[in-house]
1. In the set Ser104, Ser125, Ser130, which member is more than 13 Å from the chain's Cα centre (by Cα), under 14 Å from Val84 (Cβ atoms) and either without any contact (Cβ under 8 Å) to a residue 40 or more places away in the chain or not in a helix (DSSP H, G or I) (or both)?
2. List pairs: first residue in region 218-247 and basic (Lys, Arg), second residue surrounded by 15 or more Cβ atoms within 10 Å (Cβ to Cβ) anywhere in the structure, Cβ distance under 7 angstrom, at least six positions apart or on different chains.
3. Could you go through region 150-171 and let me know if any residue there is of a type outside the set (S, T, N, Q) and farther than 27 Å from Gly18 by Cα.
4. Looking at Arg216, Arg221, which one is in a helix (DSSP H, G or I) and of a type in the set (Lys, Arg)?
5. Exactly one condition in (1) modelled with pLDDT under 90; (2) under 28 Å from Met167 (Cβ atoms); (3) surrounded by fewer than 19 Cβ atoms within 10 Å (Cβ to Cβ) is not met by Tyr37; state its number.
6. Restricting to region 41-67, and then to whatever is outside any helix (DSSP H, G or I) and in contact with a Lys or Arg (Cβ under 8 Å, 6 or more places away or on another chain), can you tell me which residue is surrounded by the most Cβ atoms within 10 Å (Cβ to Cβ)?
7. Could you pull out the residue among Ile169, Ile209, Ile202, Ile222 that is surrounded by 18 or more Cβ atoms within 10 Å (Cβ to Cβ), more than 15 Å from the chain's Cα centre (by Cα) and under 21 Å from Val7 (Cβ atoms)?
8. Please tell me if Gly18 is of a type in the set (Gly, Ala, Ser) and within 21 Å of Asp243 (Cβ to Cβ).
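The values are calculated or read from the model by the stated rules, or taken from the named source; none is laboratory data. What you are looking at is a predicted structure, and each value in this text was computed from that prediction instead of being measured. Every residue, glycine as well, gets a Cβ built from its backbone with ideal geometry; the counts of neighbours run over all protein chains shown.
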Amino acid sequence: MTDYLLVHGAGQGAWAWGKVWGYMTAPVEHPPRLYPYGKVGKVFPMDLPGHGTDSNGDTAAVQMEECAQAIIRAVERQELRDVVLVGHGFAGSLILQAAGELPSPPKRVVLIAGIVPGEGKNMLSEFPLSFRSCFQALSWFNSLVGKDLKLPKNVISRYLCNCLDTMDIVQTIGLFGPLPTRVFKTGVTLGDHNLSSPVTYIVLTRDLIVPPETQRRMAQRIPNVELLEFDSCHQVTLHRPKDLADTLDSFA
């Protein structure tokens, strides 16, 4: 059977995968068989360092290599086999790095609006100028007052959750945590990792935080990438969880 490791976007946590996890792990027959024979094995949504249940630390100081190693440890500790690595947003670069360092290559890598900068450039460089300017200003101000950077509620609502209903927006805003500013500002070097696994890139065509044309351009930096498109905003895990779960299931 195929196992899955689900890695969330910046400022989020394992909670963001709740609906997708539910669809992927729900029995296909009711009542469920005592001994299921499905192709999907373990589905493990993890919290990256400084995120989710670990957000009480200094999220701003979290490093890229620290996140990549956390992904590798999650695969090993959860004993995931024939694993599909799934990364949302900024986790795209993280799982590409982790995939190249795993003792055994993953079955597949799936990037959902994944940030894949040009060689040596940082993740922040792939965002629109308006977001970069806001990020830099908030980062500078928060460093002066000794606080982690958190996105304003109106930014989360308007740019990440533009397709969601009111309750999902409220949930996202309530659970959204600080951003790992050091990760965003660190140059990314992926060329040294020999990735033999197939890669699927899912473009979110109604994404306002990472424009779809930027996603397509980043996807083309990956050799032999498979390109899929979803009519969804950035928070696809809440907007179209069933469709996303079905797509991930198809890789088992």
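1. Details: Ser125 fails: under 14 Å from Val84 (Cβ atoms); Ser130 fails: under 14 Å from Val84 (Cβ atoms).
Answer to the check: Ser104.
2. Arg221/Val116; Arg240/Phe230; Arg240/Ser232; Lys242/Tyr23
3. As a first pass, look at region 150-171 and keep what is of a type outside the set (S, T, N, Q): 150-153, 155-156, 158-161, 163-165, 167-170.
With farther than 27 Å from Gly18 by Cα added as a condition, the list becomes none.
Among the residues of region 150-171, not one is of a type outside the set (S, T, N, Q) and farther than 27 Å from Gly18 by Cα, which makes the answer no.
4. Details: Arg221 fails: in a helix (DSSP H, G or I).
Within the list Arg216, Arg221, the selection yields Arg216.
5. In the conditions (1) modelled with pLDDT under 90; (2) under 28 Å from Met167 (Cβ atoms); (3) surrounded by fewer than 19 Cβ atoms within 10 Å (Cβ to Cβ), Tyr37 misses (2) alone.
6. In the first step, residues of region 41-67 are kept if they are outside any helix (DSSP H, G or I); the result is 41-51, 55-58, 62-63.
Narrowing the set further to residues that are in contact with a Lys or Arg (Cβ under 8 Å, 6 or more places away or on another chain) leaves 41, 62-63.
Values: Gly41: 17, Val62: 23, Gln63: 14.
Restricting to residues being outside any helix (DSSP H, G or I) and in contact with a Lys or Arg (Cβ under 8 Å, 6 or more places away or on another chain), the top hit is Val62.
7. Details: Ile169 fails: under 21 Å from Val7 (Cβ atoms); Ile209 fails: more than 15 Å from the chain's Cα centre (by Cα); Ile202 fails: more than 15 Å from the chain's Cα centre (by Cα).
Only one candidate passes the filter, namely Ile222.
8. On the way: of a type in the set (Gly, Ala, Ser): yes; within 21 Å of Asp243 (Cβ to Cβ): yes.
When the stated conditions are applied, Gly18 passes them.
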